[in-house]
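The values are calculated or read from the model by the stated rules, or taken from the named source; none is laboratory data. What you are looking at is a predicted structure, and each value in this text was computed from that prediction instead of being measured. Positions of Cβ are generated from backbone atoms using ideal geometry, with glycine treated the same way; all protein chains shown enter the neighbour counts.
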Amino acid sequence: MTVESLYPRLEPLLAQVQKPIQYVGGELNAQVKPWDDVAVHWALMYPDAYEVGLPNQGLMILYEVLNERADALAERTYAVWPDLAGLMREHGVGQFTVDAHRPVREFDLLGVSFATELGYTNLLEALDLAGVPLHAVDRDESHPVVVAGGHAAFNPEPVSDFVDCAVLGDGEQVVGDITDVVAAWKDQGRPGGRVELLARLSRVDGVYVPRFYAVSYAADGTIAEVRRTRDDVPARVGKRTVMDLDEWPYPKQPLVPLAESVHERMSVEIFRGCTRGCRFCQAGMITRPVRERTITGIGSMVDAGLKATGYEEVGLLSLSSADHSEIGQLAKELADRYEGTNTGLSLPSTRVDAFNVTLANELSRNGRRSGLTFAPEGGSERIRRVINKTVSKEDLVRTVTTAYANGWRQVKLYFMCGLPTETDEDVLEIAELAVEVIRAGREASGSKDIRCTVSIGGFVPKPHTPFQWAAQASAETIDHRLRILREAINADRRIGRSIGLRYHDGKPGVIEGLLSRGDRRVGKVIERVWRDGGHFDGWSEHFSYDRWQTAAAEELAAFGLDLAWFTTRERTEHEVLPWDHLDSGLDKEWLWDDWQDAISEDEVGDCRWTGCYDCGVCPTMGTDIQIGPTGRSLLPLTPVSR
Amino acid sequence: MARTPDGPPPPPTVQKLRLRYTKRGPLRFASHRDLARALERALRRAQVPMAFSAGFSPHPKISYMGAAPTGAASEAEYFEIGLSARRDPEQVRAALDASLPPGIDVLECVEAVEGSGSLADRLDATRWRIDLPGVDADQLSAAVQTFLAQEVVLVAKRTKNGTKDVDAREAVVSAAVAVEAGCAILLVVVRQLTPTVRPDDVMAALAAVADLHPPLPARAVREAQGRLDDSGDVADPLGPDRVASSRCQGEPAQV
Ligand code: SF4
């Protein structure tokens, strides 16, 4: 059975919408394979606008890995803006892929990557546009299997009504295993229908099929028990971990859009995982242990990627890039290689230490020295001990001052507000810090032309972190603290005008909190919000707190619960958490002890340098820390004709 | 304390090339900014030795001119690049074409000859072909006659500073109707004034004077862009460079 392109019917609609280029595909390095040549068809979705979704590394990697298989194809689809969605409904055009404009409805699998929970309503919108039943139980063999992945999939319970499975951990290998299962099941004539296919998938390592687990609740509203309903599915589902990053040098051919996107650069992931132990950081906790790409592996990816894309800038990506065991040498040797080529190299936001300034100087020696970003995250030394991101105030000011003295004009500082145990005083220290940084910076650089941007995010407690038990700060608390901080910064205009303050109000964080730590009952709220017209919740112009609040109040009342129960309520030690049957490798007792340590402001080291402290991941997952140095170095490339 | 880049200033421009390219198929939905980004990346991938401006964020020397609007296809878009080393124009054309997605096809590349004048000055008119599926050809002809008989036809045009009335009639040099495979086609030569009168402005004018409302979106293709010649047609804007370079090299001019 071949599948028709929707493009001829879509094209007249495109003439009537904003930024039509985002819907036509044809990106450099995009691939279109003949439908009938392969057994298994994957539609990969990033549930946000194209400009945000296209640069997503995870999706790009899986797109390439799957398309390299002879028996599979993968195409991409993104959230459609309301102007086009309206026209598609009016003209009966379904959700389509941008590669060959094939209807998503016809694919075997729809893989959705959730970097954040705020994409959930966009999944519902896409399913509805595609003509796929919203509820997994209403789908039959002709419908795609909806697979959730990404960090949010470590607690997929709020979307368990809508997805068929969730994949925990690294996707590179597990998408291949899933493809094998689907190919065999189709080849055998689809025995046992959809349920049998899902049962087979549930036996793939890292794949969780919510419908095979029943949740019961206690009188106080907490979970009494999560029990599997078939004995051929695992009692707990563990995450997947790719052990040798050099064996997976993806993306090899990064996609380059014609349309503008949020990242006008290519990225190379230099390591995965992080054991710094920042207690708020879900990414650091669920991606352990640290696995480094070697210096030579990174060098060849940078080289191949630049050739394949024509980008002018390369980001060396990871959760804490300066921690790579060969970063100093890597920075120097890459800067040597690309000297005089107008190629920019950069690190994402970094920890606050002097070494990072040295690194940034090295990477920028070919020119651009625009802005540096540091992430102290906590305003006071006390709160930085609570979150386990210790840096003294003196070191912080000294580091930032060094940056100004080295010619950096613009320094951005990331903080969080609403952290556990936080008081007004902790947040007000952000203002003191910023003022001191500007004072010292003006002196050190001899210039008034320096700026400091303070960027503040509301803290949202996440599953599989020591803060998973914490009470989230209310929107009122966050808004109050932001207001007094703004006043403190503006108190002295002569300094204050060099300080920019960026923040969002506390409301979206409350909804993110509901979705992050919610259980299956929250699915009703998500569906209601979508039915009331909610989508693109990550965009302030589309997000409606009122809509979420009303839906939460009305839908949760049936269970005797409310929004506060899921957000500002502190959990007790032995409460069954909705994600307890999903195994990130972290030992729950270790997490609890670390939570207690946080409250008593005790720090924990990094197992790369201070020895294993038994977080549980390595023995549970059969993994090991993999770091260098390798002792290898980058040779100069053969010069291109210039 | 302004920092200046270390090292010598960038090498100067030693050769200027003028190129014509297309915007075909789905890529008609690319905006001029999308195209600029794509062309700059393709120049890097094709390893064309671009000349750069001096300073901290050096820009490659590229001038874009008269871009067709988003949604309109084109067979005749033009841009000019400055090179820091001499290259064979045909090799640059082929390498660049290979580095661009299908639909953005580089059709011609000629060396700009000194003293032959600026390329932008040679782009003062466009010949548009506007396919109007579902429109009756006779009705279209009548509408065009009514339009041509007017002195002035004002249409509201959205600009950065709100809407502005523009005279669509003044810009139209000629207009004719054809039929191809049952589809009515409007062929219109438009002078490029400021603000530019685009195909949708022409359609708005036909709606205003003759109540013509196509049932389906019109599809416009810029077939040619260049200087308006005495016969009212659009002349090849790269012609003068070809003539001049063939004179220098003693080769016959290709047209
Ligand atoms: S098990 Fe030990 S070595 Fe492995 S990530 Fe946890 S603390 Fe580090």
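A few remarks follow.
- Selection from region A:273-290 of residues that are in a loop (DSSP other than H, G, I, E, B) and within 16 Å of the ligand (Cβ to nearest atom): A:Gly273, A:Cys274, A:Thr275, A:Arg276, A:Gly277, A:Cys278, A:Arg279, A:Cys281, A:Thr287, A:Arg288, A:Pro289, A:Val290
- Residues within region A:2-14 that are crowded, with 18+ Cβ neighbours inside 10 Å and either part of a helix (DSSP H, G or I) or within 8 Å of chain B (Cβ to nearest Cβ) (or both), tallied: 5
- A:Ile270 vs. criteria aliphatic (A, V, I, L, M), away from the ligand (no atom under 16 Å from the Cβ) and under 19 Å from A:Gly150 (Cα atoms): yes
- The test for being within 22 Å of the chain's Cα centre (by Cα), more than 30 Å from B:Leu96 (Cβ to Cβ) and in contact (Cβ under 8 Å) with a residue 12 or more places away in the chain does not hold for A:Ser325.
- When A:Pro234 is tested against (1) closer than 30 Å to A:Glu575 by Cβ; (2) not in a loop (DSSP other than H, G, I, E, B), only condition (2) is not met.
- Filter pass, A:Met301 being within 16 Å of the ligand (Cβ to nearest atom) and part of a helix (DSSP H, G or I): no
- The sole residue among B:Leu83, B:Leu27 that is over 14 Å from the mean Cα position of the chain (by Cα) and either of a type in the set (Asp, Glu) or at the interface with another protein chain (Cβ under 10 Å from one of its Cβ atoms) (or both) is B:Leu27.
- Candidates B:Glu90, B:Glu75: the one that is in contact (Cβ under 8 Å) with a residue 60 or more places away in the chain, more than 9 Å from chain A (Cβ to nearest Cβ), surrounded by fewer than 20 Cβ atoms within 10 Å (Cβ to Cβ) and of a type outside the set (Val, Ile, Thr) is B:Glu75.
- Only residues that are within 14 Å of another protein chain (Cβ to nearest Cβ) and either part of a loop (DSSP other than H, G, I, E, B) or closer than 21 Å to A:Ala115 by Cβ (or both) were counted across region A:16-48, and they come to 13.
- Screening A:Asp246 with (1) away from the ligand (no atom under 16 Å from the Cβ); (2) away from chain B (no Cβ under 14 Å); (3) in a loop (DSSP other than H, G, I, E, B) gives one miss only, at (3).
- Elements of type strands (runs of 3 or more DSSP E) contained in region A:333-437, each with 1 or more residues being closer than 27 Å to A:Ala475 by Cβ and within 28 Å of the chain's Cα centre (by Cα): A:371-377, A:410-417
- Residue within region A:49-62 that is part of a helix (DSSP H, G or I), closer than 17 Å to A:Asp108 by Cβ and away from chain B (no Cβ under 14 Å) present: yes
- Every residue from region B:147-169 that is under 23 Å from the mean Cα position of the chain (by Cα) and surrounded by 14 or more Cβ atoms within 10 Å (Cβ to Cβ): B:Val155, B:Lys157, B:Val166, B:Asp167, B:Ala168, B:Arg169
- So A:Asn67, is it within 14 Å of chain B (Cβ to nearest Cβ) and among the polar types (S, T, N, Q): no
- Checked against the criterion of being touching a residue at least 24 places away in the same chain (Cβ under 8 Å) and on the phi > 0 side of the Ramachandran plot, region B:39-47 contains one or more residues that satisfy it.
- Helices (runs of 4 or more DSSP H) enclosed by region A:528-642 - at least 1 residues per element that are over 20 Å from A:Arg288 (Cβ atoms), more than 14 Å from the ligand (Cβ to nearest atom) and more than 26 Å from the chain's Cα centre (by Cα): A:545-557, A:588-599
- From the list A:Arg236, A:Arg211, A:Arg228, A:Arg293, the lone residue that is modelled with pLDDT of 95 or more and buried (at least 23 other Cβ atoms within 10 Å of the Cβ) is A:Arg293.
- Pairs where the first residue, in region B:158-173, is free of Cβ contacts under 8 Å to residues at least 12 places away in the same chain and the second is hydrophobic (A, V, I, L, M, F, W, C), C-beta under 8 Å, 6+ apart: B:Thr163/B:Ala156; B:Asp165/B:Leu154; B:Asp165/B:Val155; B:Asp165/B:Ala156
- Failed item, numbered, when A:His263 is tested on (1) part of a helix (DSSP H, G or I); (2) away from the ligand (no atom under 16 Å from the Cβ); (3) surrounded by fewer than 22 Cβ atoms within 10 Å (Cβ to Cβ): (1)
- Conditions (1) surrounded by fewer than 20 Cβ atoms within 10 Å (Cβ to Cβ); (2) over 14 Å from A:Ser455 (Cα atoms); (3) in contact with a helix residue (DSSP H, G or I) (Cβ under 9 Å, 6 or more places away or on another chain); number of the one not met by A:Glu476: (3)
- Here region A:279-322 is the region considered, the condition is being within 14 Å of chain B (Cβ to nearest Cβ) and among the β-branched types (Val, Ile, Thr), and the residue that is farthest from B:Arg44 (Cα to Cα) is A:Val314.
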